[in-house]
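In what follows, a structure is listed as structure tokens, so that the remarks can point back to it.
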Amino acid sequence: MVAAEFIRWSPEAANLTLSNYPVRRKRMRKVLCILGLMLLTTMCTHSPSGGPTMAVADTAVALATDSPADQQVDQQQVGQPASQQVWIDPVAGDDSRTGDSRTTALRTLTEAWNRIPQGTPLTTGYELMLMAGNYPESSLPNYLESRYGTAAAPIVIQAADGVGTAVLQGDLNIYDTRYLTLQQFQIIPNPPGDAFHCEQCQHITLRGMVLSGGNREAHETVKINQSQYIFIEDSDISGADDNAIDYVAVQYGHIIGSRIHNAGDWCLYAKGGSAYLRIEGNEVFNCSTGGFTAGQGAGLEFMTSPWLHYEAYDLKFINNLVHDTAGAGMGVNGGYNILLAYNTLYRVGQNSHAVEVVYGLRSCDGNTAVCQANLDQGAWGTTVNIAQSQGEPIPDQNIAIFNNLIYNPAGYASQWQHFAIYGPRVPSAGSNLPNPVHTDINLVIQGNVIWNGSSQLPLGIEESDQGCQPSNSTCNATQLLADNWINQFEPQLVNPEANNFAPAANSNLYGAAARPIPDFSWADAPAPPLAPPGTLSNVVLSDFYGHTRAAGGPVGAFLEEGTANLTFSYLPLVVTHHTAVVGRPTKYVPHPVYLSMLSR
């Protein structure tokens, strides 16, 4: 959907008037949340390194620091937790059995889940072992609620007989649950539909999963609301008429090494005050409105304090491959401190433009009292119902778009322009927003190689009512043409039609040196309320395959050909002294309990 539109659930899907986002209700259709566990030990915590702010364009940056998400999960203390296995066999199981072995397996996931104590922190971990086979919807819990795993006693649901051998044929709907991992099985509802919904969840991991809504028969394949420490790794998520992944008010986590595709709107976005997310090493494709956007549009009552101003804070979208999107390959819709760097975009933006920096939108979607309470705290927004207004414009600030490769081959080009960068707007009185609002304050676009249409294709900022006008020192037409390679040469890649996007031998890309990316600052973050600082360093040390980047190397996600993506090397189930660095896989020593889980 375009920036002016909002998510809509069917009336039967929610028990909330004019709700953009589903909330906890028994009658709500189950939407599957793939969950995860992070059992992690102490790590070194750094303060963000000093360095130039975004307005300083050509100064080298300091070393990267760990993201807030990685700092938090690594600080969890891991001992030697006891773990209780519960086996489930969809063919020969019996729910009257003990479930403690293959030969005494239960029949339904519902019974296995019900054996986990509810409403109290666990002192014993639970491993729900899904034996090979299809699990009909009737065997799945109608609602998974209030199970409080801990770092020392997590909950793991995993395939027992190999990757992908267990298939859930219904969706999962999870509420108020902690330290839960879903691992190496498939969720493919039959008939097709939404797969995963998770609300008010913490420390959830989806690893090695397949989640499918069919041929865009789901509304949203993965939907996560008001949750923290959410990790999606090495998974395949597809098949929504709206979004394959939709985050609202999700703080801390990552989406890495995954395939996200076949969506009628944006393939994925994080909005509604989502923050501190790293989205790296993914393949995003077959999307209609666009590939990825930081921010979009949210109802004020669905946001959580203190993230009440921007749609998105501190999102790093790096080393991704985005291809075959009708709309923009990537964008920002109401973001603060957003990095879009070292991505490869191929066949994107045919509808209009390849990259966008536009407004997010803020409405009140029915609960006026909550909207007013948030406004009283200093939030940006309104109490006006979305049915009566298009919402308030949410600006962008400190956006860094660096060292991306945007390549539209012959026969495929943006219809109107390279960029969409909106000009100033006037918000409504009482919205708490600056007046006017802008999308281009400290917007920096440098080091990008763009091959898109003819030499006459406009930048998109030529009209005086657009952003990046001559008075803007960090972004204007002269600067864009000087600091980027726009239709100067057609990139020489190995074989993009066969999904090999590495530079060819002696490629002309080696003559287009990547620019150093300045650090962010948090000094201009709005308050009250003041959101905690995110990761200020923007250094990217490796490529899509983990190859080490050198200063001045080529742009785009790929330095050279490779076969291994960012997989378990980032954040394992259990880590000893893990130290994460943006753009570089890390080594780890798995905890013995984790090894025993995988070997059973």
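Counting other beta carbons within 10 Å of each Cβ, put Thr124, Thr474 in order, fewest first.
Ascending Cβ contact count within 10 Å gives the list Thr124, Thr474.
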Residues Val222, Val250 arranged by fewest to most Cβ contacts within 10 Å:
Val250, Val222
What is the set of long-range amide H partners of Met330 at a cut-off below 5 Å, with H atoms built 1.01 Å from backbone N?
Gly291, Phe292, Glu356
Just need the relative contact order of region 275-337 here, percent rounded to a whole number, with Cα pairs under 8 Å and 6+ apart.
52 percent
How much length is gained if the chain between Ser428 and Glu137 is pulled fully straight, taking 0.36 nm per residue apart and subtracting their Cα-Cα distance, in nm to one decimal?
100.0 nm
Based only on the alpha carbon positions, what is the Kirkwood hydrodynamic radius of region 265-567, in angstrom?
19.4 Å
For region 265-567, give me the percentage of DSSP beta bridges that are antiparallel, rounded to the nearest 5 percent.
10 percent
Quick one: which residues, 5 or more positions from Trp87 or on another chain, have an amide H under 5 Å from its amide H? H modelled 1.01 Å from N in the peptide plane, none for Pro or chain starts.
Asp100, Ser101, Leu106, Met129
Explain nothing, just compute: Karplus ³J(HN,Hα) = 6.51 cos²θ - 1.76 cosθ + 1.60, θ = phi - 60°, for every residue of region 246-259 in order, whole Hz, x for Gly and Pro.
10, 9, 10, 6, 10, 10, 6, x, 7, 10, 9, x, 10, 10
In what sequence do Glu111, Glu356 fall when counting other Cβ within 10 Å, fewest first?
Glu111, Glu356
Amide hydrogen neighbours beyond the local backbone of Gly423, cut-off 5 Å, H modeled
Gly467
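Readers should treat all values here as calculations from the given coordinates under stated rules, not as data from a laboratory. Since the structure is predicted, the reported quantities are computational estimates derived from the model, not experimental observations. FYI the Cβ positions are ideal-geometry reconstructions off the backbone, even for glycines, and counts take in every protein chain you see.
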